[in-house]
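For reference, the structure discussed in these notes is given below.
The values are calculated or read from the model by the stated rules, or taken from the named source; none is laboratory data. Since the model is a prediction, treat every value here as computed from it, not as a measurement. Heads up, the Cβs are rebuilt from the backbone with ideal geometry, glycines too, and the neighbour counts pull from every protein chain shown.
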Amino acid sequence: MRTLIKHALAAAAPAESATVMGWIRTRRDSKDFSFLALNDGSCAANLQVVVDSNTSGFDELARFTTGASATVEGPLVASPAAGQKWEIHARRIELIGGSDPAYPLQKKGHTLEFLRTIAHLRPRSNLFGAVFRTRSALAFAVHRFFQERDFVCVHTPIITASDCEGAGEMFRVTSLKGDPDAKPEADFFAKPAYLTVSGQLEAETFACALSNVYTFGPTFRAENSNTARHAAEFWMIEPEMAFCDLQGDMDLGEAFLKAMAAYTLEHCAEDLAFFNRFVDPGTIDRLKFVVERPFLRLPYTEAVEILKSAGRTFEFPVAYGLNLQSEHERFLTEDHCKCPVTVFDYPREIKPFYMRLNDDEKTVRAMDVLVPGIGEVIGGSQREERLEALEASLRYHQLDPKDYWWYLDLRRFGTVPHAGFGLGFERLLMFLTGVSNIRDVIPFARTPGNAEF
RNA sequence: UCCAGAGUAGCUCAAUGGUAGAGCAAUCGGCUGUUAACCGAUGGGUUGUAGGUUCGAGCCCUACCUCUGGAGCCA
């Protein structure tokens, strides 16, 4: 029976026999014996295998090269040398799949750029093993966080026929050959269809029935964005709460980030230590900081005042009514506050139609959570629940209320104050691991001009 | 898409306009416990592509391609 290497390395006592399977990271030969470093991805560490002339399969040892897959059986014993607690003295080794000398993953360091060109092999590297084990753990933690708080998971549609979500360029979905706009009524859905850019509007309908809901699924943007923080396909988390205002929304967003940081510290310690050592030496401190310290909350107006009196010049101007630029967000969270900052109550003209208008009739109940290194990681708002105000807001943003008939119905039939936010899963992972490029926290990144794998 | 930078051996990088090199990897050999093992030897190149300047271009010029960083858009 196969033992995962993580379990073999966690053994409390020696074992007479253990069978492990994995891929060879290195082989170190002496005259009469060899060391194999075997990795099966169950943990970051390799298992050391000692092979000598008594081992069945010893005559095949030359084919046990870096990258090859193998089965190893033998007693698990305490290692006499430093570097590992346990090792296997192989009774039997068996090659499963040999590895060509052209195997591109060397024992020594590779650049992230090179590893992106071999995205099918990079999960076998230390860094990407750590990243994707952490991604899996965090995906579970996201569901656990919401389920423990009685949120209902809603699978909102990936294909949408409403082109009015207003969150950026969309990918067209069609089954027609040629120009899909020539005869849209002949298309599969009898109207133009797209890949979703947000599940928020649909999530609101479920919140106005099941109270607290969340989505966690793929999202698509056809923007020609070439940055370390954007991908054409990414995973988004969107909670939506009925009977909730902006304060409750900010409370949830901050609690969520704290919970994710705490989960990583508790359950991903080995991989986190790797990130802290090789990716960003501030990673563990940053997570502890997020867990322990309260977030700072700043009204937009106050944030603008801070930036104006910052005593330094920004490339982009600071004035009420202008969006905060990346450099402004980074100044607030990295230099001025030195902690995550939640900015709220933005001018209505720079925010979408669905956000609730404040009594001053100038600002809306929007909030952005800014974190050091990434900038905006959460964007959310209390939604406009008043029918007349929502219709007025649509007109203000020059949108046609007819296109939003079912969304307006929510305000017509038993409307309630409600609020929610959106958060990019990959950006969360970047913040938690210190990995600075979104292409390196998603298995196969889709970016403009790149969908090879 | 805009601005800047970079493309040289499988990888990471050198090379005043004048004979393209090193480390690692690979291949072969050595070594009685290694830890990115170590020691020795060998093979490895249309310098991103296409033009141009020059007696001579990896190096200078033009265009294009790709990648990286920053910006915009945003999550």
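Out of A:LEU210, A:LEU246, A:LEU201, A:LEU252, report the one residue that is surrounded by fewer than 21 Cβ atoms within 10 Å (Cβ to Cβ) and out of contact with any Pro (no Cβ under 6 Å at 6 or more places or on another chain). If you could, list the steps in order and put the result at the bottom.
On the way: A:LEU246 fails: surrounded by fewer than 21 Cβ atoms within 10 Å (Cβ to Cβ); A:LEU201 fails: surrounded by fewer than 21 Cβ atoms within 10 Å (Cβ to Cβ); A:LEU252 fails: surrounded by fewer than 21 Cβ atoms within 10 Å (Cβ to Cβ).
Answer to the selection: A:LEU210.
Among the helices (runs of 4 or more DSSP H) confined wholly to the range A:370-453, which include 1 or more residues that are more than 23 Å from A:GLU202 (Cβ to Cβ), touching a residue at least 60 places away in the same chain (Cβ under 8 Å) and in the same structural domain as A:PHE146 (by TED's automatic domain parsing)? Lay out the reasoning, then the answer.
Values: elements: A:387-396, A:405-412, A:425-433.
In the range A:370-453, A:425-433 are the helices (runs of 4 or more DSSP H) which contain 1 or more residues that are more than 23 Å from A:GLU202 (Cβ to Cβ), touching a residue at least 60 places away in the same chain (Cβ under 8 Å) and in the same structural domain as A:PHE146 (by TED's automatic domain parsing).
Which ones in the range A:89-114 are in contact (Cβ under 8 Å) with a residue 60 or more places away in the chain, among the aliphatic types (A, V, I, L, M) and either more than 10 Å from RNA strand B (Cβ to nearest atom) or touching a Lys or Arg at 6+ places or on another chain (Cβ under 7 Å) (or both)?
Selection gives A:ILE96 alone.
Exactly one condition in (1) more than 13 Å from RNA strand B (Cβ to nearest atom); (2) modelled with pLDDT of 90 or more is false for A:ASP335; which is it?
Among (1) more than 13 Å from RNA strand B (Cβ to nearest atom); (2) modelled with pLDDT of 90 or more, A:ASP335 violates only (2).
What pairs can you find where one residue is in the range A:139-153 and over 12 Å from A:TYR263 (Cβ atoms), the other is not in a strand (DSSP E or B), and their Cβ atoms are less than 6 Å apart, with a gap of 6+ or different chains?
A:VAL152/A:LEU210
Collect the residues in the range A:27-42 that are surrounded by 15 or more Cβ atoms within 10 Å (Cβ to Cβ) and either at pLDDT 95 or above or within 19 Å of A:SER99 (Cα to Cα) (or both), keeping them in residue-number order. Show your work before the answer.
Going through the range A:27-42, the residues surrounded by 15 or more Cβ atoms within 10 Å (Cβ to Cβ) turn out to be A:27, A:33-42.
Of everything in the range A:27-42, those that are surrounded by 15 or more Cβ atoms within 10 Å (Cβ to Cβ) and either at pLDDT 95 or above or within 19 Å of A:SER99 (Cα to Cα) (or both) turn out to be A:ARG27, A:SER34, A:PHE35, A:LEU36, A:ALA37, A:LEU38, A:ASN39, A:ASP40, A:GLY41, A:SER42.
Going by the conditions given, is A:ARG133 surrounded by 12 or more Cβ atoms within 10 Å (Cβ to Cβ), touching a residue at least 24 places away in the same chain (Cβ under 8 Å) and of a type in the set (D, E, K, R)? Let's see the steps before the verdict.
Details: surrounded by 12 or more Cβ atoms within 10 Å (Cβ to Cβ): yes; touching a residue at least 24 places away in the same chain (Cβ under 8 Å): yes; of a type in the set (D, E, K, R): yes.
Here the answer is yes, as A:ARG133 does meet what is asked.
Only residues in the range A:164-184 that are over 15 Å from A:SER198 (Cα atoms) and surrounded by 11 or more Cβ atoms within 10 Å (Cβ to Cβ) count as the first member; pair them with residues that are of a type in the set (S, T, N, Q) and modelled with pLDDT of 85 or more, Cβ under 7 angstrom, at least 6 apart or cross-chain, and list the lot.
These pairs meet every condition: A:PRO180/A:THR174.
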